[in-house]
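In what follows, a single structure is set out as structure tokens and then discussed.
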Amino acid sequence: MTSQKHVVTTEQAQKTLAALLRQWLPGQSWTQVRTLVSSQRIRINDELWLDDARRLKEGDEVEILTRPAPKPKLVDEIVIRHVDEHVVVVEKPAGINTVRHPAERAWREPRKLLSPTLEDLVMRQLGMTFTPKKPQRLRVVQRLDKATSGLLVFARTVLAERGLGMQFRRHQVVRRYLAVVPGQVIPQTVRTSLVPDRGDGRRGSTRLPGVGKEAITHVEVEEKLQGYSVLSCRLETGRTHQIRIHLAELGHPVCGDKVYHRKPMGEPIPDASGAPRLALHATELGFVHPITGEQMHWDMPLPPDLAEFVARLRM
């Protein structure tokens, strides 16, 4: 079998990985395509995937490898910066989802362990369980993209969830990110309306009046490098992919971004940075404790992979 690449079409969307593999590989049985997945020979959007029951989205890129890829190293322990009975603040590593899709919550533990989420790992460290008889769980008040690292807060009680949720809605939570982009950027506030589809299947801004959700990002220059900039981006609103979209639309897509490193109609914008992954990191988080009223604040420097990347750009 030779290496193959396939892009999921509109008609194929929401079918399972195993079903599409059988479609792309005529004559292969269910057992054979499942073995293909379990033997580490399938990448989805450049990431190794080990769950044959995953339902794919339109535009997903699936690669069938000629030989097994190295199995990704699973995160054993999450750094917890603060925990009490109401909130927990953690350092999210890049490469894992913040939470599991609702349809996946009923999965058995062995299947979850194929791709653990931040929520799973933190619950395990806190000794929490999620079963129909004992539905302990963390309460999600914010998310970080899978490829993004940095500080994140979960609520542990209903009261904390309500209090933090109100602060997020009122834009009272301090959220600052570091991003590495090509070129030199002028400090500015970006204010646009974001829509789920800008015309090429990706999220983006629209100029149509009364359409979309307002998104505001305050951009400052942290450091100027040869041909690149390290930016400090403070969120006023928190829309999906907001910083990535705003910087790409300014003409400075985040280094390592494979989704928005392209023009609106799909033409790729070359990325010669050599970034190890999406160069976006949630470096600062602050809020008022929803129960005690205490002002709380944390900083987290760039993790080693991005720190080394920026050091190379300085040379």
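Descriptive notes on the structure:
- For segment 1-19, a residue qualifies if it is within 23 Å of the chain's Cα centre (by Cα), surrounded by fewer than 18 Cβ atoms within 10 Å (Cβ to Cβ), of a type in the set (A, V, I, L, M) and in a loop (DSSP other than H, G, I, E, B), and exactly one does: Ala13.
Residue by residue, here is whether (1) within 25 Å of Ala160 (Cα to Cα); (2) touching a residue at least 12 places away in the same chain (Cβ under 8 Å); (3) under 16 Å from the mean Cα position of the chain (by Cα) holds:
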{"site": "Lys224", "(1), (2), (3)": "no, yes, no"}
{"site": "Arg239", "(1), (2), (3)": "yes, yes, yes"}
{"site": "Val288", "(1), (2), (3)": "yes, yes, no"}
{"site": "Leu302", "(1), (2), (3)": "no, yes, no"}
{"site": "Ala307", "(1), (2), (3)": "no, no, no"}
{"site": "Met315", "(1), (2), (3)": "no, no, no"}
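- Odd one out for Thr237, checked against (1) over 30 Å from Thr9 (Cβ atoms); (2) surrounded by 17 or more Cβ atoms within 10 Å (Cβ to Cβ); (3) among the β-branched types (Val, Ile, Thr): (2)
- Checklist (1) buried (at least 18 other Cβ atoms within 10 Å of the Cβ); (2) touching a Leu at 6+ places or on another chain (Cβ under 9 Å); (3) of a type in the set (Ser, Thr, Tyr) applied to Ser193, failing item: (1)
- Unique residue being outside the structural domain of Glu236 (by TED's automatic domain parsing), crowded, with 17+ Cβ neighbours inside 10 Å, over 23 Å from Asp305 (Cα atoms) and at pLDDT 80 or above when the list is Gly127, Gly163: Gly163
- Identity of the residue in segment 20-35, over 26 Å from the mean Cα position of the chain (by Cα) and not polar (S, T, N, Q), that ends up surrounded by the most Cβ atoms within 10 Å (Cβ to Cβ): Val33
- Residue in segment 245-264 that is free of Cβ contacts under 8 Å to residues at least 40 places away in the same chain and surrounded by fewer than 16 Cβ atoms within 10 Å (Cβ to Cβ) present: yes
- Any chance Gly286 is among the small types (Gly, Ala, Ser) and modelled with pLDDT under 95: no
- Of the residues making up segment 20-49, those that are at pLDDT below 90 and either among the acidic types (Asp, Glu) or outside any helix (DSSP H, G or I) (or both) are Ser39, Gln40, Arg43, Ile44, Asn45, Asp46, Glu47, Leu48, Trp49.
- Here Leu313 meets the list (1) within 26 Å of Ile216 (Cα to Cα); (2) part of a helix (DSSP H, G or I); (3) not β-branched (Val, Ile, Thr) almost entirely, failing just condition (1).
- Residue match in segment 180-188 (condition: within 20 Å of the chain's Cα centre (by Cα) and either touching a residue at least 40 places away in the same chain (Cβ under 8 Å) or more than 27 Å from Phe309 (Cα to Cα) (or both)): yes
- Taking segment 166-186 as the range and being in contact with a Leu (Cβ under 9 Å, 6 or more places away or on another chain), within 15 Å of Gly238 (Cβ to Cβ) and in a loop (DSSP other than H, G, I, E, B) as the test, the residues that pass are His171, Val173.
The values are calculated or read from the model by the stated rules, or taken from the named source; none is laboratory data. Bear in mind that the values here come from a model prediction, so they are computed numbers and not experimental data. For neighbour counting, all protein chains shown are included, and Cβ atoms are generated from backbone atoms with ideal geometry for every residue, glycine included.
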